[in-house]
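Notes follow the structure.
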Amino acid sequence: MGGHARRGLHRSRVLKRREYDESDVRVRPGRRGSRPRTKNRPEHLDAQSAMVTAVDRGRWGCVLDGDPDRRIVAMRARELGRTPIVVGDQVDVVGDLTGKPDSLARIVRVAERTTVLRRTADDTDPFERVVVANAEQLFIVVALADPPPRTGFVERAMVAAYVGGLRPVLCLTKDDLVAGSDFAAEFADLDLTIVHGGRDDPLEPVRELLHDSLSCLIGHSGVGKSTLVNRLVPDALRATGEVSGVGKGRHTSTQSVAFPLPDGGWIIDTPGVRSFGLAHITPDDVIMAFADLAEAIDDCPRGCTHLGPPADPECALDGLEGRQRRVEAVRLLLVALKSNDPWMTGHS
């Protein structure tokens, strides 16, 4: 089988594999009260569009037409079964759309996602979870000290972003605690946008990137992510109950929540993570995210992990003239893909 044929087969398998997620777990129905499901589904022609901003215990906080002043709480319609619905999803809703206390709408459709940020519990977990849908950017928040930074987490988060269609941005905090850090230089050949979002850093560059876009923040506990969110959205954490509509004021560190930005756009704050599982991603997936390298691996032998000699002495990436620094930078991502180092515990 030729290189192009193998690559086409791989792509089809990747697409097929990604059709499955946590919604595909089979649950045996109870004997009493069960009845055959009809294939006739209501069309809900009067449904209105909304964006999911929070999820909590079988309820979804949504904003109608993306308007932060038109908040509702919704349940998942029976015809959707176990279809996963996450923050950032675009959905169609029907029912009580007044947003009054104790009112409840129904989510009847979930639109096709443009991007997905996926992770697994660890690198042996067969089930991938969609963390956030439709985000355009992934802000990887990293402290330069207390706790000290590790390139491995950044690289794994970048892999998830590239494969999921998001643009990664490295946001550095606590740079006042260390002078002359060269941490960002580790990613110079990956065209990674780098900004500073520490407590005393001016936020204009961050706000410019966030303006009129849907962006997601991810980072280890203790890196200053919550502080950054509060600077971007004043009183965001104090107003958790109002923002989520479903969390009854619980701290956002346990749930992903989307906050509207004062100048337009949304930012999704995610819980602090200890590890970032990538069991659902293969080396080919990573290379395919880089247009300038993707075609070259058609000539790689079967089973090539693209790490180069001695593991892959015939890897086609080694024959790319003028792009070896780029190749070596991407290979660092592949190394990180094989090693998931759990992080310290703590509070965000």
Original post:
Residues in the range 242-262 that are part of a loop (DSSP other than H, G, I, E, B) and at pLDDT below 90: how many?
Top reply: 9
Original post:
Is the range 145-152 home to any residue that is open to solvent by 10 Å² or more (accessible area, probe 1.4 Å), of a type in the set (V, I, T) and in a loop (DSSP other than H, G, I, E, B)?
Top reply: no
**OP:** State which residue is surrounded by the most Cβ atoms within 10 Å (Cβ to Cβ) when the search covers only the range 224-241 and only residues that are charged (D, E, K, R) and at pLDDT 85 or above.
**Re:** K225
Original post:
Would you pick out the residues in the range 42-59 that are in contact (Cβ under 8 Å) with a residue 12 or more places away in the chain and farther than 20 Å from T115 by Cα?
Top reply: P42, H44, D46, A47, Q48, D56, R57, G58, R59
Subject >> Residue tally, condition in contact with a Leu (Cβ under 7 Å, 6 or more places away or on another chain) and of a type outside the set (F, W, Y), over the range 174-192 >> reply: 7
Subject >> Number of positions in the range 160-183 that are of a type in the set (S, T, N, Q) and assigned to a helix (DSSP H, G or I) >> reply: 0
Subject >> Odd one out for R82, checked against (1) at pLDDT below 95; (2) open to solvent by 30 Å² or more (accessible area, probe 1.4 Å); (3) under 24 Å from Y162 (Cβ atoms) >> reply: (3)
**OP:** Tally the residues that are over 30 Å from F290 (Cβ atoms) and either among the basic types (K, R) or crowded, with 17+ Cβ neighbours inside 10 Å (or both), restricting the search to the range 202-223.
**Re:** 2
Subject >> All positions within the range 184-201 that are part of a helix (DSSP H, G or I) and open to solvent by 20 Å² or more (accessible area, probe 1.4 Å) >> reply: A184, A185, E186, A188, D189
Original post:
Out of (1) under 30 Å from A294 (Cα atoms); (2) at pLDDT 55 or above; (3) open to solvent by 30 Å² or more (accessible area, probe 1.4 Å); (4) not acidic (D, E), the odd one out for P68 is which?
Top reply: (1)
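Table: residues versus (1) open to solvent by 30 Å² or more (accessible area, probe 1.4 Å); (2) touching a residue at least 40 places away in the same chain (Cβ under 8 Å); (3) among the aliphatic types (A, V, I, L, M); (4) outside any strand (DSSP E or B).
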| residue | (1), (2), (3), (4) |
| --- | --- |
| C62 | no, yes, no, no |
| V86 | no, yes, yes, yes |
| L97 | yes, yes, yes, yes |
| P101 | yes, no, no, yes |
Subject >> Sole residue being open to solvent by 10 Å² or more (accessible area, probe 1.4 Å), at pLDDT 90 or above and assigned to a strand (DSSP E or B), chosen from R113, R109 >> reply: R109
Original post:
Take the residues of the range 118-144 that are of a type in the set (S, T, N, Q) and at pLDDT below 95: which is surrounded by the most Cβ atoms within 10 Å (Cβ to Cβ)?
Top reply: T120
Subject >> Test set (1) under 28 Å from the mean Cα position of the chain (by Cα); (2) touching a residue at least 40 places away in the same chain (Cβ under 8 Å) - R302 fails condition number >> reply: (1)
Original post:
So which of A133, A145, A74, A105 ends up being of a type outside the set (D, E, K, R), closer than 26 Å to V229 by Cα and touching a Gly at 6+ places or on another chain (Cβ under 7 Å)?
Top reply: A133
Subject >> Condition check for L172: open to solvent by 10 Å² or more (accessible area, probe 1.4 Å) and either more than 11 Å from the chain's Cα centre (by Cα) or modelled with pLDDT of 95 or more (or both) >> reply: no
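The values are calculated or read from the model by the stated rules, or taken from the named source; none is laboratory data. What you are looking at is a predicted structure, and each value in this text was computed from that prediction instead of being measured. Cβ coordinates were reconstructed from backbone atoms using ideal geometry, including for glycine residues, and neighbour counts include every protein chain displayed. For the accessible areas, the whole protein counts, side chains as well, though only heavy atoms, and no ligand, DNA or RNA atoms are used. Shrake-Rupley method; radii C 1.70, N 1.55, O 1.52, S 1.80 Å.
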